[in-house]
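Enquirer: One structure, as structure tokens, below. Some questions next.
The values are calculated or read from the model by the stated rules, or taken from the named source; none is laboratory data. Just so it is clear, the model here is predicted, and its values are computed rather than measured. Reconstructed Cβ throughout: ideal geometry from the backbone, glycine too, with neighbour counts over all protein chains shown. The accessibility values were calculated without ligands, DNA or RNA, using every heavy atom of the protein model including side chains. Shrake-Rupley method; radii C 1.70, N 1.55, O 1.52, S 1.80 Å.
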Amino acid sequence: MRRIVARGPSQQHTLATLTQHPRIDRAVVYISQWMEDDGTSLVRRLRDGLRLVSTVVQTFAESTSDYRRLLDVIARSVADAIPDTCIVMLRTGDNLTIAAIHDGSGSGDVDRRGLRDRPTAMRDAPISADVLARGPLLIPRIDFDVLRRQMAPSSVAQLEAGGATGMLVVPLAAAGDLHGVLWLLRHGNGRPPLDELDLEIVMDLANHAALAISNARLFQELQRSERLRAAEERAVQTSRLLDAIIENIPDMVFVKEAERLSFVRINRAAEELHGKSRDEMLGKTDYDFFPAGEAEFFVAKDREALASGALVDIPEEPIQTPGGERWLHTKKVALRDSTGKPTHLLGISHDITDRRRELAELSAAKLEADAANRELESFSYSVAHDLRGPLRAIDGFSQALLEDYGARLDPEGLRYLARVREAAQRMAELIDDLLTLSRVTLSDLKRERVDLSALARSLLSGFQRLEPERHVEIVVAPDLVTQADPQLAAIALENLLGNAWKFTSKRTRARIEVGVTESSGAPAFFVRDNGAGFDMTYGDKLFGVFQRLHTESDFPGTGVGLATVARITSRHRGRIWAHGMIDEGATFYFTLTEAHA
Amino acid sequence: MLDRVIVLVEDNANDEELTLRAFRKSNIVNRVVVVRDGAEALDYFFARGSYAARPANEVAQVVLLDLKLPKIDGLDVLRALRADDRTRLIPIVVLTSSAEEQDLVRSYGMGANSYVRKPVDFTHFVEAVRQLGLYWLVINQAAPQ
């Protein structure tokens, strides 16, 4: 049993104050010496103490959100107030840990780094344990011999080395929680020993500190649970988003557990494909839904994906559904746990039934088109062979008539006969031009290096040889080189230059120019003449089959040539266009490559 | 004494008459044997069927062969003639309406000696036949029989 020993005028007051405190009724205060004091000093100390308490309480309140800082604030405030060294020890289960130290003496009494945060078992800290169990302890003057019986020798040595002369230990208790103890050490240095007033002030501070600790812990707890709740909320949101993504992927998504390969997850597209709800499907295997052969195939591919660790791609697989057979493009991959062991199989299937059907239709259409083309080819052949036969007869027998019976015909009869022959020959030309047009359409396009300059010069000198009496100024730009089908390019250029040659036939100073400019990033070659030209109003008729802008008597022609050129440019993914003006000449531009957008 | 004939393989009566007229106009006096389909042509050359009794001294100086023929077409006739020792050296001129590149290539590939497209203009036709006759009947030195 400890005794409170008090002497001097303040005794009654101190005891009264102390005993008002619920935790101090059992407080034992050792007072080995009561300092001489008059009332004035006491009142001043009380006032200072009260002021201090209110300031400190404010500081505590502001530090609630930062638990660690709060502990430092407590230690510093108490140490400043007394002023002394203050140690805050917190209890965790059966351990005590120095959570904050503040050296108010300025003497550097304790090895802070060595002591802080190191848990000490309760049984190795008998004074703290005693204060926790029974209430505050005030030792105004330390008798180290006595202390050595109650404290671990190392702790006593430390106190002794630090020059501690007195100590005050109070519990940090609030609302039934014992958070720990507050140690206050007084060092000699001529200071008065600790007394009941110090005890009272420290008790008061300790109670506020304990409350602040409770609050801070509560706050911490709250924060933690808030963080947890937020994390949970985030997790729920993420999972909801993932669910929405999986559900809304228009491809069938399914997950099977790795062991039995039963479905553990499917999405809406899977339900729709199978015509079954997920309740009907989950927990079941492929064997429950598909013919044995099909199920075996699926499962074999599942096992392959699980074993290989690589994505297994099944470009086409048939699957029986209530809506009939469907075709899928499926990819399967193993899902693994953190150790790399496959736990699930993830599959994604894209329904390619429609695309497959379209492809089949397309290839059927292509076969048909090819057949039609072949038919057209043989038709063209027949046209060449069979239509020319009768024409030859018309012309031949007209000629025979002329030769054998010409003498019996009058001039009008002879003229008619000449018209018959002309018409037959013109029809032969038409047939030949149409044949060229069909060949241009049907032949394979082989791109090679084509020197249009050389080609143009050769064609033009050919025309010149046929009509040596004509004088035409010819300008061919050098190095007009392109990648094109040589035969088709030759046909195109022959037609364009043939036109230029023909339509400048009535010019005394005829001029034909071949060159290149640029259109939409592609070289546009051109053939320009100063011939009869044409009316741009009818420009769209230039490239149609059998479309002519000049009469046969002015300029002979079949009306197939430019259509052929247009066909050739379009087969090269190029285009053709023209500028012209009546009597001012015409320029035909053409490209043989795709325009760069 | 050999009877050097011209063999015209032609199914079109108009073309046949015009060709014969062209020969006449070109003063070609050789006898012209006309056969009107591929099968008849082969019967003639191999002296079988209705031609089994063909005189042995009758030899073709030149054959004018149309490509588009009933029963056996011109290219098959050509192939058969070139495959047989009795006929493989006979000069054969393909005379046709077709200007198809593949017909040209195939004809020469199978051993045609010449390829002439029948022009529609009869004046040109006569000229073509005249030159053919001149070359194959007069200028060309035939392989020994």
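Enquirer: So what's the angle, to the nearest 10 degrees on a 0 to 90 scale, between helix A:486-503 and the longest Cα principal axis of chain A?
Expert: In chain A, helix A:486-503 runs at an angle near 60 degrees to the longest axis.
Enquirer: Next question, about the same structure. Go through the stretch A:288-303 residue by residue and turn each phi into a ³J(HN,Hα) via Karplus (6.51, -1.76, 1.60, θ = phi - 60°); whole Hz please, and just put x for glycine and proline.
Expert: My calculation for the stretch A:288-303 gives 7, 10, 10, x, 3, x, 5, 4, 4, 4, 4, 5, 4, 5, 4, 4 Hz in order.
Enquirer: Enumerate the aspartates and glutamates that B:Lys25 could reach by cross-link, defined here as Cα to Cα under 17 Å, with residues fewer than 8 away along the same chain left out.
Expert: Qualifying aspartates and glutamates at Cα under 17 Å: A:Asp395, A:Glu403, A:Asp404, B:Asp15, B:Glu16, B:Glu17, B:Asp121, B:Glu127.
Enquirer: List, in order, the whole-Hz ³J(HN,Hα) value for each residue of the stretch A:202-208 obtained from phi through the Karplus relation with A = 6.51, B = -1.76, C = 1.60 and θ = phi - 60°; use x for Gly and Pro.
Expert: 5, 4, 4, 4, 4, 5, 5
Enquirer: If you put +1 on each Lys and Arg Cβ and -1 on each Asp and Glu Cβ, how big is the dipole of the stretch B:3-138 around its Cα centre, in Debye rounded to 20? Can you show the working numbers first?
Expert: Working: 18 positive and 20 negative charges, 82 e Å.
For the stretch B:3-138, the charge dipole is close to 400 debye.
Enquirer: Now, a different point. Rg(Cα) of the stretch B:3-138 divided by 2.2 N^0.38 Å?
Expert: Working: Rg = 13.8 Å, N = 136, 2.2 N^0.38 = 14.2 Å.
That ratio works out to 0.97.
Enquirer: Can you work out the accessible area per residue across chain B, with the rest of the protein chains kept in place, probe 1.4 Å, in square angstrom? Show your work: numbers first, answer last.
Expert: Numbers: 6970 Å² over 145 residues.
With the other protein chains kept in place, chain B gives 48 Å² per residue.
Enquirer: Which residues belonging to the stretch B:11-27 lose at least 50 Å² of 1.4 Å-probe accessible area when the assembly is complete, relative to their chain isolated?
Expert: In the stretch B:11-27, residues shielded by partner chains: B:Leu18, B:Arg21.
Enquirer: Are there residues in the stretch B:36-68 whose accessible area shrinks by at least 30 Å² when all protein chains are included rather than the chain by itself, and which are they (probe 1.4 Å, ligands and nucleic acids not counted)?
Expert: B:Lys68
Enquirer: Taking each residue in B:117-127, count the Cβ atoms of any other chain within 10 Å of its Cβ, then average. What number comes out?
Expert: Shielding by partners across B:117-127 averages 6.
Enquirer: Ok, one more. When we measure straight from the Cα of A:Lys341, which aspartates and glutamates land under 18 angstrom away, once same-chain ones fewer than 8 places off are left out?
Expert: Cα-Cα hits under 18 Å: A:Glu257, A:Glu259, A:Asp302, A:Glu304.
Enquirer: Right, next: Using the reciprocal of the averaged 1/r over all distinct C-alpha pairs, how large is the Kirkwood radius of the protein assembly as shown in Å?
Expert: The Cα-based Kirkwood calculation yields 39.0 Å.
Enquirer: Using 24 Å as the Cα-Cα cut-off, could you pick out the over-long pairs in A:Lys502/A:Lys541; A:Lys276/A:Lys331; A:Lys256/A:Lys301; A:Lys332/A:Lys366; A:Lys502/B:Lys68? Write out the running numbers ahead of the final one.
Expert: Details: A:Lys502/A:Lys541 19 Å; A:Lys276/A:Lys331 21 Å; A:Lys256/A:Lys301 13 Å; A:Lys332/A:Lys366 34 Å; A:Lys502/B:Lys68 36 Å.
Going by Cα-Cα distance, A:Lys332/A:Lys366; A:Lys502/B:Lys68 fall outside the 24 Å limit.
Enquirer: Right, here's the next one. Taking H as built 1.01 Å from N, whose amide H comes closer than 5 Å to the amide H of A:Ala524, not counting residues under 5 places away?
Expert: A:Thr517, A:Glu518, A:Ser519
Enquirer: If I compute solvent accessible area with a 1.4 Å probe over the protein chains, what percent of it on the stretch B:3-138 is carbon and sulfur? It would help to have the intermediate numbers written out before the result.
Expert: Values: 3020 of 6020 Å².
The C+S portion of the solvent-accessible surface of the stretch B:3-138 is 50 percent.
Enquirer: Starting from the amide H of A:Thr165, placed 1.01 Å from N in the peptide plane, find each other amide H under 5 Å away whose residue is 5 or more places distant or on another chain.
Expert: Result for A:Thr165 returns A:Arg186, A:His187, A:Gly188.
Enquirer: Now a separate question. Taking H placed 1.01 Å from N in the peptide plane, check which residues at least 5 places from B:Leu69 or on another chain put their amide H under 5 Å from its amide H.
Expert: Excluding prolines and chain starts, which carry no amide H, the hits are B:Gly74.
Enquirer: Treating only the Cβ atoms of Lys and Arg (+1) and Asp and Glu (-1) as charged, compute the dipole magnitude of the protein assembly as shown about its Cα centre; round to the nearest 20 debye. Walk me through the numbers before you get to the answer.
Expert: Working: 93 positive and 107 negative charges, 274 e Å.
Computed about the Cα centre, the dipole is about 1320 debye.
Enquirer: Percent antiparallel among DSSP beta bridges with both residues in the protein assembly as shown, to the nearest 5?
Expert: Details: 79 of 106 bridges.
Percentage antiparallel, nearest 5: 75.
Enquirer: Considering only protein heavy atoms, what per residue accessible area in square angstrom results for chain A with a 1.4 angstrom probe? Each step should come with its number before you reach the end.
Expert: Numbers: 31630 Å² over 597 residues.
Heavy-atom accessible area per residue stands at 53 Å².
Enquirer: To continue, here is another question. For the stretch A:514-554 and the stretch B:55-125, what is the separation of their C-alpha centers, rounded to whole Å?
Expert: Between the Cα centres of the stretch A:514-554 and the stretch B:55-125 lies a distance of 43 Å.
Enquirer: Is it possible to state the helix-based mean residue ellipticity at 222 nm for chain A, with each DSSP H run of 4+ residues giving -39500 (n - 2.57), the sum divided by total residues, to the nearest 500 deg cm²/dmol? What is it? Intermediate values should be presented prior to the final figure.
Expert: Details: 17 runs with 284 residues, N = 597.
Calculated mean residue ellipticity at 222 nm is -16000 deg cm²/dmol.
Enquirer: Probe radius 1.4 Å, ligands and nucleic acids left out: which of A:Arg260, A:Arg191, B:Arg130 has the largest accessible area, and how do the rest follow? Intermediate values should be presented prior to the final figure.
Expert: Numbers: A:Arg260 145, A:Arg191 70, B:Arg130 95 Å².
Ranking A:Arg260, A:Arg191, B:Arg130 by accessible area, largest first, yields A:Arg260, B:Arg130, A:Arg191.
Enquirer: So what is the orientation-averaged projected area of the stretch A:370-466, using the convex hull of its C-alpha atoms, in nm²? Spell out each step's value before the answer.
Expert: Details: hull surface 37.8 nm².
So the mean shadow area of the Cα hull is 9.5 nm².
Enquirer: Report the B-A buried area as the accessible area lost on both sides summed, probe 1.4 Å, in Å² to the nearest 100. Intermediate results must be reported in sequence, preceding the final value.
Expert: Values: alone 8020 and 32630 Å², together 38590 Å².
Summing both chains' loss of accessible area gives about 2100 Å².
Enquirer: Next up: Note the angle between two axes, namely the Cα long axis of helix A:561-571 and the longest principal axis of the Cα atoms of chain A, as a number of degrees from 0 to 90, rounded to the nearest 10.
Expert: 20
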